[in-house]
1. With a point put 7 Å past each Cα toward its Cβ, work out how far Tyr212 is from Val54 in nm, to one decimal.
2. Would you please give the residues with an amide H less than 5 Å from that of Thr184, counting only those at least 5 places away or on a separate chain, with H modeled from the backbone geometry?
3. Could you give me the ³J(HN,Hα) list for the range 256-263, computed from phi with Karplus coefficients 6.51, -1.76, 1.60 and θ = phi - 60°, whole Hz, x at Gly and Pro?
4. Give Lys235/Lys267; Lys211/Lys267; Lys18/Lys38 a once-over and call out the pairs whose C-alpha atoms are over 23 Å from each other.
5. Quick one: His298, His188, fewest Cβ neighbours within 10 Å first, how do they rank?
6. Fewest first, what order do Asp157, Asp309 take by the number of other Cβ atoms within 10 Å?
7. Would you mind putting 190-203, 80-93 in packing order, based on average other-beta-carbon counts within 10 Å, highest first?
8. If you place +1 on the Cβ of every Lys and Arg, -1 on the Cβ of every Asp and Glu, and leave all else neutral, what size is the dipole of the range 194-312 about its Cα centre, to the nearest 20 Debye?
Amino acid sequence: MKKQPSRTMPEHKKKQLKLLYYSHTATELQEINLGWKKILTLVVTCMSVLLLLVSFVLGFFNHLSRNWEVLSLARAHQKLSNVISDMHTRMNAIEGIIQHIEKQDSTLNPFVDAPAAQKPVASFTSRLANLGFGDAAAALVDQKNAETEKSRIDELDRRLNAARVQRAQSTEIRLAELQRLRQTPSVHPLRGGRISEPFGWTMDPTIDQLKYHEGIDFSALQGTTVHATADGVVKELGHHFGRTSEYGRYVLLDHGNGRQTRYAHLKAIQVKPGQRVSRFTVLGVIDDGGPLVGPHLHYEVLENGQPVDPAGFLLD
């Protein structure tokens, strides 16, 4: 009988992983033998599960990051929209003020040419809506609105600077006119008096003959206060001026531009030479004018040293 040769297992089949574990239900050690194919299968399975897990985690964080970015952009977009809306409201208010200033300046100042007001620019939103794009171009609308508002700001700044220059010129002219008006003897030198002798040729009761009267006489009670009729400077305080020396004490005011006023028949004079006075400043009070004419104020207006009719200056 022939002896059969013994079969030996390959080396790679002999290599096995033996796992020993102890179960609380058994009294002996338990073991599990794993061949190389099972080990390879287990490793590949674990790697696949780990890869899937990593892919899921990365996808989740990528999705979360995108959602956060979209949310941030949405918040920034909303904030920008609110800023643009606030700018639009404030610029409408500023434009209303500028239009009011321009209207006032064009009415009050015929000497300065007002800049032509440009027509308001139609919003980009309304133009897109007319073309039928609707809300699909919201981002472009915000961008164009921002550009439009920037252009409006530049235009308002230009108009505001022009209005500022025009207002400065108008103010300078108005101040000069106001100063000229305040230096014009246009108010009565006293209150409650009446004209007893006009300007020009009149009969003088003191000499009983015609005489050229170089001013106006106002009858009033002795002690009535006399006021400056315009802004000026006290040029002279005198006594008994005139050819017949009948005018008593007087005050001479210089109002500039060759114009002066004289107030005669005064006493208790309250101003000094060189003193600046304004309209309605008290100069003194009426003195006794003599037994024939009684208490009165003699008032003159002089243009370049020549007497002119004061009645042409009085407004009331």
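Coordinate-derived values only; no laboratory data. Note that this is a predicted model, so its numbers are computed, not measured. Please note: Cβ atoms are built from the backbone with ideal geometry, for glycine as well, and neighbour counts cover all protein chains shown.
1. So the label points at Tyr212 and Val54 sit 12.2 nm apart.
2. Residues meeting the amide H criterion: Asp231.
3. Computed from phi, the couplings for the range 256-263 are x, 6, x, 10, 9, 10, 10, 10 Hz.
4. Exceeds cut-off: Lys211/Lys267.
5. Numbers: His298 25, His188 19.
Going from least to most buried by this count: His188, His298.
6. Values: Asp157 12, Asp309 15.
Starting with the residue having the fewest Cβ neighbours, the order is Asp157, Asp309.
7. With the highest mean Cβ count within 10 Å placed first, the list reads 190-203, 80-93.
8. 440 debye
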